[in-house]
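Have a look at the structure below, then the notes.
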Amino acid sequence: HSQKSEERRVLDVLRGRRVDALIVVGSSLPDALLLELAKETALVVVGRRVVGLEAQCIFLNNVQGGLEATAHLTALGHRRIVFVTGGNNHPDSTERFLGYCTALDTAGIPFDPQLVVEGDFNEQSGLMAVDTLLSQGVRFTALFAANDQMACGARLALYRRGIRVPDDISLIGFDDLKHVLY
């Protein structure tokens, strides 16, 4: 609620200043408002699709990315692959999870709900996901985090327990932050 009202307030300020263009990144603003803004000013929307503005949208193929990340791990021989979600209601996370499931199916690996842990795209949730799995004695050899921040948190949790990446556990994040190389 407050994030949406803050975004609307900022947009009203920008409108009042007669900006030449807007780049909207990962916004939760309704499509209708973005369509309205596109009539007033040049607009690029990053990270989502808006029907009617497709030519002005830049977005990732999250399903394909999730599939490729998981397929890389299965090609390395991993069969117990954890997926840390970015939240069940976030479209990016949902699509990356679909790619994860598709890659498991393609590799003939049965889906195990015990290997899916909910995160929230923040580093702390990646750390907590790994701590929870290890505390519960869940066995896994690889982990795919729905973003790099959670992968950083997961790596820290593994490090604290003396588990080496990539020697003991393979780890993949998503989004290609420059400082995350495992």
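Name the single residue, out of those in region 21-77 being charged (D, E, K, R) and open to solvent by less than 90 Å² (accessible area, probe 1.4 Å), that is farthest from the chain's Cα centre (by Cα). That would be 36.
Flag: residue 15 does not match the condition of being open to solvent by less than 60 Å² (accessible area, probe 1.4 Å), of a type in the set (D, E, K, R), more than 18 Å from residue 171 (Cα to Cα) and in contact with a helix residue (DSSP H, G or I) (Cβ under 9 Å, 6 or more places away or on another chain). Contact map, region 141-154: first residue more than 15 Å from residue 170 (Cβ to Cβ), second residue basic (Lys, Arg), Cβ cut-off under 8 Å, separation 6 or more or different chains; pairs are 146/96. Within region 146-167, does at least one residue satisfy the condition of being open to solvent by 10 Å² or more (accessible area, probe 1.4 Å) and touching a Pro at 6+ places or on another chain (Cβ under 9 Å)? No, every residue in region 146-167 fails to be open to solvent by 10 Å² or more (accessible area, probe 1.4 Å) and touching a Pro at 6+ places or on another chain (Cβ under 9 Å). Scanning region 110-161 for residues that are modelled with pLDDT of 95 or more and aromatic (Phe, Trp, Tyr) returns 111, 140, 144, 159. Any residue in region 89-98 that is more than 17 Å from residue 169 (Cα to Cα), open to solvent by 70 Å² or more (accessible area, probe 1.4 Å) and of a type in the set (A, V, I, L, M)? Yes, region 89-98 contains at least one residue that is more than 17 Å from residue 169 (Cα to Cα), open to solvent by 70 Å² or more (accessible area, probe 1.4 Å) and of a type in the set (A, V, I, L, M).
The values are calculated or read from the model by the stated rules, or taken from the named source; none is laboratory data. The shown structure was predicted, so the numbers you read here are calculated from the model rather than taken from an experiment. Every residue, glycine among them, receives a Cβ derived from its backbone with ideal geometry; neighbour counts consider all protein chains shown. Remember, those area values only see protein heavy atoms, side chains included, never the ligands or the DNA or RNA. Shrake-Rupley method; radii C 1.70, N 1.55, O 1.52, S 1.80 Å.
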